[in-house]
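Here's the structure we're looking at; comments come further down.
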Amino acid sequence: LVTGNFAEHWRRTLTFLDIVGTAWPAMLAERGQIDAIERRTQAIRAQAARWRARPPGTTVIAAGSTGSQPATRELLSVIASLPRGAVVLPGLDRELDTASWDKLEPSHPQFGLHELLVALGVGRAAVSDWPGGRGGDRARRMLVAELMRPAETSEAWARPDPAALDHVARADCATPHQEAVVIGLALREALNEPRRTAALITPDRELARRVTAELKRWNIEIDDSAGAPLADTPPATLLRALLAAVDGGFGPVDLLALLKHPLCLLGRPRTDLLDAVRRLDRKYLRGLKPAAGLEAVRQIIANQRKDNDADADTVRALIDRLDAATSGLGVLMAEGAAPDALLDATIAATEMLSSAATLWCGEAGEALAETLARLRGAWRDQPVIAGGEWPGLLAAMLAPATIRPRYGRHPRLSIWGPLEARLQRADLLI
């Protein structure tokens, strides 16, 4: 798209982005692989083909999708044609006039539904309402329709009914922290009325985490539909801290972060371990940064050792235990190895740092174990990688995984993303 008289940095950017268009597809073809998005597209189209060839006898309902992706639109078309199939459209604008509806642009929020109805061969008037009538009042629906009117028909703008904004409040917050406090207070206040429900709708995961933390001040655990990142759970952060320490040559910051991790035990009571770690920090790691490796830490301890030095003995024993737990992983990362071998060594070292019973227990431990088992199967028979690539690779593979608590969340409070909010309602929406 960049042609003509543009600054030179545009052309340099285009040259760099050529990696995406040329080099990356060539690499995938050489490895016999495809992108994750392409795999999802092929899987969706394969499902559509199966149902088209052999329609299922059971009920199939597709709800909440706008069909904005061509493959998804194809699947929805098949579902709508099934003998017991149904497609539930979220928020179809029934108030927008026909002239405006026909002139929607791709950037319009209703454009995906417009294209879906064209693919289905169905007009807006033929779409029946959900049993129980349309949601909300007409004044508010008209307001939304006018707000979203295309520019081509802006001369037809109508003044909305002031009643459309009844019960709508706005709060301007100076900081993200203040925003989370205001939202938390509003959700907390909703609980004062019996059976009243409330929900926060946001795609901002940072805001969701802040609000969750604010509600914990009142011992309220809110149900977050997106869950929590698996990579941020204690078992996963222990794995990440271990790899960071080994990859960084056990520098003071990474070393202390690993040893002070709440799941790190090294076969000792937690209080004894923390006592030894504090002695290591206070007496031997203050000052100039030591050379890489645990042997350099041992040398510092030996140089500062005095007669009958109990601190030196305690800290030396701690370093020896840590070395025994991580030496196998350190050798593989130094030489390079296949991902499945690196994963096995990482798990073995982590279990020696903590314990199998502690590491894999609870919802987070079980979810991490299942995720690592799937990754090991995917990485089997893969080529050798450099040890320095391993921490980033594992972090990238864990990043998409989330964990959702099975129970214990408040039944009347929720945090929804835009997709979940399409088909749900609450008495108070934020």
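The values are calculated or read from the model by the stated rules, or taken from the named source; none is laboratory data. Note that the coordinates shown come from a computational prediction; the quantities given were computed from them, not determined experimentally. Here Cβ is always computed from backbone atoms with ideal geometry, including for glycine, and neighbour counts include all displayed protein chains. Ligands, DNA and RNA are stripped out before the accessible areas are found, and what is left, the full protein with its side chains, is counted by its heavy atoms. Shrake-Rupley method; radii C 1.70, N 1.55, O 1.52, S 1.80 Å.
For residue 306 and residue 289, the difference between the fully extended length at 0.36 nm per residue and the C-alpha to C-alpha distance is 4.0 nm. Dipole magnitude for the chain: computed about the Cα centre from +1 point charges on Lys and Arg Cβ and -1 point charges on Asp and Glu Cβ, it is near 700 debye.
The stretch between residue 119 and residue 192, if pulled fully straight at 0.36 nm per residue, gains 21.5 nm over its current Cα-Cα span. Of the trypsin sites (Lys or Arg not before Pro) in the stretch 164-197, the ones in a loop by DSSP (not H, G, I, E or B) with at most 10 other beta carbons within 10 Å are 170, 195. In loop segments of the stretch 66-166 as defined by DSSP, the chymotrypsin sites (Phe, Trp or Tyr not before Pro) with at most 10 further C-beta atoms inside 10 Å of their C-beta are 157. Calculated FRET efficiency, residue 217 and residue 53, Cβ-Cβ r, R0 60 Å, to nearest 0.05? Calculated transfer efficiency: 0.60.
Accessible surface calculations at 1.4 Å, restricted to protein heavy atoms, place the chain at 59 Å² per residue.
Highest average first, the peptides 172-184, 243-255 ordered by how many other beta carbon atoms sit within 10 Å of their residues are 243-255, 172-184. PRE reach from residue 278 (point 7 Å along Cα→Cβ): which of the stretch 289-321 fall under 16 Å by backbone N? It comes to 311-312, 314-315, nothing else. Spin-label pair residue 419-residue 402: with each label point 7 Å from Cα along the Cα-Cβ axis, the two points sit 0.8 nm from one another.
Residue 260 exposes around 90 Å² of accessible area when a 1.4 Å probe is run over every protein chain in place.
Each residue, residue 14 and residue 142, gets one label point 7 Å from its Cα in the Cβ direction; the gap between the two is 5.1 nm. The slack between residue 105 and residue 381, meaning 0.36 nm per residue of separation minus the straight C-alpha distance, is 94.6 nm. Within the accessible surface of the stretch 90-239, defined with a 1.4 Å probe on protein heavy atoms only, the carbon and sulfur portion equals 54 percent. Report note on the peptides 393-404, 17-28: ranked by the mean count of other C-beta atoms within 10 Å, highest first, their order is 393-404, 17-28. Note: relative contact order over the stretch 234-378, using C-alpha pairs below 8 Å and six or more positions apart, is 31 percent. Projecting the Cα atoms of 403, 372, 198 onto the charge dipole of the chain, computed from C-beta unit charges around the Cα centre, puts 198 farthest toward the positive end.
Look at where the Cα atoms of the stretch 370-388 and of the stretch 25-90 average out, and the two centres are 29 Å apart.
Considering the values (1) 91, 60, 59; (2) 62, 56, 44; (3) 73, 55, 54, which represents Cα extents along the principal axes in Å as calculated for the structure under consideration? Derived directly from the coordinates: (1). The relative contact order of the chain comes to 19 percent, based on Cα pairs under 8 Å that sit 6 or more residues apart.
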